[in-house]
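Engineer: Got a structure for you, written out below as structure tokens; questions coming shortly.
The values are calculated or read from the model by the stated rules, or taken from the named source; none is laboratory data. Given the structure is predicted, the values throughout are model-derived calculations rather than measurements. Heads up, the Cβs are rebuilt from the backbone with ideal geometry, glycines too, and the neighbour counts pull from every protein chain shown. Side chains are part of the model used for accessible areas, which takes the heavy atoms of the whole protein and leaves out ligands, DNA and RNA. Shrake-Rupley method; radii C 1.70, N 1.55, O 1.52, S 1.80 Å.
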Amino acid sequence: MIERAGGSAVRIPAARMLIDGQWCDGIEGRLIAVHDPATEEKIAEVVAATAADVDRAVQAAHRAYESPSWQKMRPLDRGRLLERLALLIERDADDLARLETLDNGKPYGVSRNVDMKFAMDALRYYGGWSSKMAGEYIQLSPFFDDGGTYRAYTERRPVGVVGGITPWNFPLGQAVQKLAPAIAFGCTVVLKPSEEASLTTLRLGELILEAGFPEGTVNIVTGYGHEAGQALVDHPLVRKIAFTGSTLTGQKILAASARTMKRVTLELGGKSPTIVLADADLDQAIPGAANAIFPNSGQVCTAGSRLLVEASIFDEVTQGVARLAQDLKLGSGFDPLVQLGPLVSARQLDRVSALVAKGIEEGAEPLCGGARDAGRGYFYRPTVLSGGRPDMQIAHEEVFGPVVLAMPVQDPRDIKALANDTAYGLGASIWTRDINKAHLLAAQLDCGTVWINTHNVLDLAMPFGGTKLSGLGREFGTEVIHAYTEPRAVCMRLETSAFD
Ligand code: NAD
């Protein structure tokens, strides 16, 4: 147990892995220290899994996948497993949210009302999909006449064993986002959470056992990306990698997957623009732009990290966003008044600090923030940088921190080019009162999601993913069936004379 302010006692899961329905140690016994990002105190350890550990987990997932009981399980009953897990998360949501806050740093209210709700919703949403797997009946046009009639049908088959590799910004939600569609469509899974935030995924393992998932259908290995993650990607029995994380890692995974021709879905980084047109309702657009970047301390893949504002309202908007940023209370996620927690790690704090320093060196002007917070913990002050130019490094690199770069747009005809001037293509928001401008501009943006007069609304019913370096494939919505299943065509010849 770890005690935190407000009398919160947080139970820490043991440094073990879930393989074949059993909790087990790593073969080599190596551990990774886990720190509270708000205090820098060591709070736990997790196993540093080796390739041999990953092999055990994949073999278990493969056996479970091939087992007649799993193959024959009714789709509706796979959905019921997910529903049972959702109910257990609902029961333990306060505890899980406290653990997420301790491990990741985010405010408890966010862990409880965003992360836990998303996890429960995702389990229910995908649980519903389990009974919606359907193929097609196809009439063929053979180029010969052998007296027969040809017909075909397709059925959707699960891809097989899925490796789910997740980042640290929404740890439990991301783990569920990988396991729920996999189980719904009849795959089995090996999850590998981020070494920076594995604790809630391990607690999820306890609930998975309690919910009665068959042994080996969900396995959890912890460890480093270059070791445990890489071993999962290289394993020939893993048929698909469902990955969320940085573009650099996504590129390595895509290249390595070629060797075994794995299916991949890659949800990667972003440099999403928040575009404020001169006719926007600024009472909505200014808080909207602040909300696009600062929640979760900017550690959101779709964060609106580039603020493109028409020149006539540039000062009003940027100063308004800076005022809101200055008012945000930074501190321990266990303090109910706190709105921004720390960044997840010292490494992330160093990265954010270096990118902002470089931006300032290149001529950006901090309207607020621009430095880490004094004292212990990996806190970075919410930052609005004005005077942004497209040639700056910070205009192109993902910061993944509470930092927005504002750029004035002199001529509205430049907006499309400025917005698309990024290697990424995850999201964008447009703030305007003009419905024509909104939809015409939306059609010109090269990204997976465009929001109009809102930002960061993600819904499980809406396909989610990116263009360009933001990824490959889509999760959520009707697209998800393509991500976890493949069609198998069955062709038949009917003897036409049978009824002669
Ligand atoms: P990361 O790429 O460093 O790590 C993500 C996961 O990949 C971790 O589990 C890590 O251990 C593993 N990994 C690292 N190297 C690996 C390798 N060679 N082979 C296999 N696995 C490996 O990312 P991060 O720092 O944890 O997360 C932040 C990034 O995630 C940001 O770029 C953010 O934009 C992105 N992200 C994207 C989305 C999205 O849906 N598009 C959502 C959240 C976060």
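Engineer: If you go through the stretch 264-291, how many residues are part of a loop (DSSP other than H, G, I, E, B), buried (at least 23 other Cβ atoms within 10 Å of the Cβ) and away from the ligand (no atom under 16 Å from the Cβ)?
Structural biologist: The total comes to 1.
Engineer: With respect to residue 432, is the statement that it is of a type in the set (Ser, Thr, Tyr), within 16 Å of the ligand (Cβ to nearest atom) and crowded, with 17+ Cβ neighbours inside 10 Å true? Give the derivation first.
Structural biologist: On the way: of a type in the set (Ser, Thr, Tyr): yes; within 16 Å of the ligand (Cβ to nearest atom): no; crowded, with 17+ Cβ neighbours inside 10 Å: yes.
Spelling it out, it is not the case that residue 432 is of a type in the set (Ser, Thr, Tyr), within 16 Å of the ligand (Cβ to nearest atom) and crowded, with 17+ Cβ neighbours inside 10 Å.
Engineer: Hey, could you check the stretch 196-212 for residues that are in a loop (DSSP other than H, G, I, E, B) and surrounded by fewer than 24 Cβ atoms within 10 Å (Cβ to Cβ) and say which is farthest from the ligand (Cβ to nearest atom)?
Structural biologist: 212
Engineer: Further question: Among the candidates 186, 148, 163, which residue alone is touching a residue at least 40 places away in the same chain (Cβ under 8 Å), within 30 Å of residue 30 (Cα to Cα) and either within 16 Å of the ligand (Cβ to nearest atom) or in contact with a helix residue (DSSP H, G or I) (Cβ under 9 Å, 6 or more places away or on another chain) (or both)?
Structural biologist: On the way: 186 fails: within 30 Å of residue 30 (Cα to Cα); 148 fails: within 30 Å of residue 30 (Cα to Cα).
Going through 186, 148, 163 in turn, just one is touching a residue at least 40 places away in the same chain (Cβ under 8 Å), within 30 Å of residue 30 (Cα to Cα) and either within 16 Å of the ligand (Cβ to nearest atom) or in contact with a helix residue (DSSP H, G or I) (Cβ under 9 Å, 6 or more places away or on another chain) (or both): 163.
Engineer: Out of all the residues in the stretch 333-346, which are in contact (Cβ under 8 Å) with a residue 40 or more places away in the chain and either open to solvent by 40 Å² or more (accessible area, probe 1.4 Å) or assigned to a strand (DSSP E or B) (or both)?
Structural biologist: Selection gives 335, 336, 339, 340, 346.
Engineer: Does residue 185 meet the test of being among the aromatic types (Phe, Trp, Tyr) and either closer than 24 Å to residue 133 by Cα or open to solvent by less than 10 Å² (accessible area, probe 1.4 Å) (or both)?
Structural biologist: Yes, satisfied.
Engineer: Open to solvent by less than 10 Å² (accessible area, probe 1.4 Å) and under 18 Å from the mean Cα position of the chain (by Cα) - does that describe any residue in the stretch 485-494?
Structural biologist: Within the stretch 485-494, none of the residues are open to solvent by less than 10 Å² (accessible area, probe 1.4 Å) and under 18 Å from the mean Cα position of the chain (by Cα).
Engineer: Next up: Does residue 306 meet the test of being touching a residue at least 24 places away in the same chain (Cβ under 8 Å), touching a Lys or Arg at 6+ places or on another chain (Cβ under 7 Å) and open to solvent by 50 Å² or more (accessible area, probe 1.4 Å)?
Structural biologist: Answer is no for this residue.
Engineer: Right, next: In the stretch 230-243, which residues are more than 7 Å from the ligand (Cβ to nearest atom) and part of a helix (DSSP H, G or I)?
Structural biologist: Hits for the stretch 230-243 are 231, 234.
Engineer: Can you tell me which residues in the stretch 244-261 are away from the ligand (no atom under 11 Å from the Cβ) and either part of a helix (DSSP H, G or I) or surrounded by 21 or more Cβ atoms within 10 Å (Cβ to Cβ) (or both)?
Structural biologist: Within the stretch 244-261, no residue meets the criteria.
Engineer: So which residues in the stretch 14-49 are surrounded by fewer than 19 Cβ atoms within 10 Å (Cβ to Cβ), outside any strand (DSSP E or B) and not aliphatic (A, V, I, L, M), if there are any at all?
Structural biologist: 16, 20, 21, 25, 28, 29, 30, 39, 40, 41
Engineer: I've got another one for you. State all residues of the stretch 347-362 that are surrounded by fewer than 14 Cβ atoms within 10 Å (Cβ to Cβ) and under 17 Å from residue 104 (Cα atoms); if no residue qualifies, say none. Steps first, please.
Structural biologist: Step one: list which residues in the stretch 347-362 are surrounded by fewer than 14 Cβ atoms within 10 Å (Cβ to Cβ), which gives 347, 350, 354, 357, 361.
Hits for the stretch 347-362 are 347, 350.
Engineer: Right, here's the next one. On the basis of being out of contact with any helix residue (DSSP H, G or I) (no Cβ under 7 Å at 6 or more places or on another chain) and open to solvent by 10 Å² or more (accessible area, probe 1.4 Å), does residue 330 make the cut?
Structural biologist: When the stated conditions are applied, residue 330 passes them.
Each row is one residue, and each column tells you yes or no for (1) closer than 17 Å to residue 203 by Cα; (2) among the aliphatic types (A, V, I, L, M).
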| residue | (1), (2) |
| --- | --- |
| 30 | no, no |
| 34 | yes, yes |
| 52 | no, yes |
| 72 | no, no |
| 81 | yes, yes |
| 90 | yes, no |
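Engineer: Just one of (1) charged (D, E, K, R); (2) within 14 Å of the ligand (Cβ to nearest atom); (3) open to solvent by 10 Å² or more (accessible area, probe 1.4 Å) trips up residue 178, so point out which.
Structural biologist: Exception for residue 178: condition (3).
Engineer: Hey, another quick one. List the strands (runs of 3 or more DSSP E) that sit entirely inside the stretch 80-169 and contain at least 1 residues that are surrounded by 15 or more Cβ atoms within 10 Å (Cβ to Cβ) and among the hydrophobic types (A, V, I, L, M, F, W, C).
Structural biologist: By residue number, 161-165.
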